[in-house]
């Protein structure tokens, strides 16, 4: 963990009014949770947390935060000043991932915890389960999209396409594909921690946890390896 890299990444992510952009989804989730609480529907609360928050909100935050942790520096060439320093490439990636994860937990997982506490029929344990499950999934999203930003100049559109098509549509409704969805892996962790009812993830908690760990480790390691050979000439 490099504190200088972490500080620069945090300033980059939260600067230029980006904190307001991250905060809008959190406000929306809390407002919807308050509305559902007024209706008194537990089923609507489950749909809100699984269908919108886990399947759409967390992946989108993962795209914005994960790519934003390093993508702008690569695009404008500022990354070359960091690479010129005697800092291990793996340390750069790890530091940026740690900051991205912290930002996602702040603007994603914690609002889900508060939303769960507002929703009828949830309770503290299930609300905590959604917070933990979204944090696990969010870490995997950040690692995957951080890697994507290192290997491609088109990380944001590719990430959005993946999120909207695979995670929101295919990963939610196609039986075979659901087992290969980060969203479903996170939902399995949510159910295990929160002992929830009303929905069934496509994989077991053990499978989901292993899948998330593999994504984080593989993407982080490969991103560090790719950063060693990064060239900023032409369209490279």
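Check whether at least one residue in region 116-123 is out of contact with any strand residue (DSSP E or B) (no Cβ under 9 Å at 6 or more places or on another chain), assigned to a loop (DSSP other than H, G, I, E, B) and either at positive phi or without any contact (Cβ under 8 Å) to a residue 12 or more places away in the chain (or both), and report yes or no.
Looking only at region 116-123, we keep the residues that are out of contact with any strand residue (DSSP E or B) (no Cβ under 9 Å at 6 or more places or on another chain), and these are 116-123.
In the following step, the residues that additionally are assigned to a loop (DSSP other than H, G, I, E, B) were identified as 119-122.
Those left that are additionally either at positive phi or without any contact (Cβ under 8 Å) to a residue 12 or more places away in the chain (or both): 121.
Within region 116-123, one or more residues are out of contact with any strand residue (DSSP E or B) (no Cβ under 9 Å at 6 or more places or on another chain), assigned to a loop (DSSP other than H, G, I, E, B) and either at positive phi or without any contact (Cβ under 8 Å) to a residue 12 or more places away in the chain (or both).
Report yes if some residue within region 138-154 is over 21 Å from residue 93 (Cα atoms), in contact (Cβ under 8 Å) with a residue 40 or more places away in the chain and touching a helix residue (DSSP H, G or I) at 6+ places or on another chain (Cβ under 9 Å); otherwise report no. Lay out the reasoning, then the answer.
If we filter region 138-154 for residues that are over 21 Å from residue 93 (Cα atoms), which is where we start, we get none.
No, region 138-154 has no match at all.
For region 152-164, how many residues are in a helix (DSSP H, G or I) and surrounded by 14 or more Cβ atoms within 10 Å (Cβ to Cβ)? Lay out the reasoning, then the answer.
Here is the first cut: in region 152-164, the residues in a helix (DSSP H, G or I) are 155-164.
Checking which are surrounded by 14 or more Cβ atoms within 10 Å (Cβ to Cβ) leaves us with 155-156, 158-160, 162-164.
Number of matching residues: 8.
Being without any contact (Cβ under 8 Å) to a residue 24 or more places away in the chain, surrounded by 15 or more Cβ atoms within 10 Å (Cβ to Cβ) and not in a helix (DSSP H, G or I) is the filter here; which residues of region 181-226 pass it?
181, 201
Mind listing whichever residues of region 117-134 are more than 11 Å from residue 194 (Cα to Cα) and crowded, with 21+ Cβ neighbours inside 10 Å? Before the answer, list the steps.
Step one: of region 117-134, the residues more than 11 Å from residue 194 (Cα to Cα) are 117-121, 134.
Correct list: 119, 134.
Based on this model, can you work out whether residue 131 counts as touching a helix residue (DSSP H, G or I) at 6+ places or on another chain (Cβ under 9 Å) and in contact (Cβ under 8 Å) with a residue 60 or more places away in the chain? Give the steps one after another, and end with the answer.
Numbers: touching a helix residue (DSSP H, G or I) at 6+ places or on another chain (Cβ under 9 Å): yes; in contact (Cβ under 8 Å) with a residue 60 or more places away in the chain: no.
For residue 131, the condition - touching a helix residue (DSSP H, G or I) at 6+ places or on another chain (Cβ under 9 Å) and in contact (Cβ under 8 Å) with a residue 60 or more places away in the chain - is not met.
For a quick check of your reading of the model, give me the residue pairs whose first member lies in region 1-18 and is more than 16 Å from residue 104 (Cα to Cα), whose second is modelled with pLDDT of 85 or more and exposed (fewer than 15 other Cβ atoms within 10 Å of the Cβ), with beta-carbon atoms closer than 8 Å and at least 6 apart or on different chains.
1/91; 2/91; 5/91
Is it the case that residue 101 is under 26 Å from residue 23 (Cβ atoms), surrounded by 15 or more Cβ atoms within 10 Å (Cβ to Cβ) and without any contact (Cβ under 8 Å) to a residue 60 or more places away in the chain? First the steps, then the outcome.
Details: under 26 Å from residue 23 (Cβ atoms): yes; surrounded by 15 or more Cβ atoms within 10 Å (Cβ to Cβ): yes; without any contact (Cβ under 8 Å) to a residue 60 or more places away in the chain: yes.
Answer is yes for this residue.
Counting residues that are modelled with pLDDT of 90 or more, under 30 Å from residue 91 (Cβ atoms) and under 20 Å from the mean Cα position of the chain (by Cα), which helices (runs of 4 or more DSSP H) fully inside region 1-73 reach at least 3? Don't jump to the end; show me each part of the working.
On the way: elements: 3-14, 18-39, 42-47, 58-68.
Passing ranges, in order: 58-68.
How about region 81-96: which of its residues are assigned to a helix (DSSP H, G or I) and surrounded by fewer than 13 Cβ atoms within 10 Å (Cβ to Cβ)? So that I can check it myself, show each step before the final result.
Filtering region 81-96 down to residues assigned to a helix (DSSP H, G or I) leaves 81-83, 89-96.
Within region 81-96, 81 is the sole residue that qualifies.
The values are calculated or read from the model by the stated rules, or taken from the named source; none is laboratory data. Predicted model, so just to flag it, every value in this text is computed and none were measured. Note that we place each Cβ from the backbone using ideal geometry, even for glycine, and neighbour counts take in every protein chain shown.
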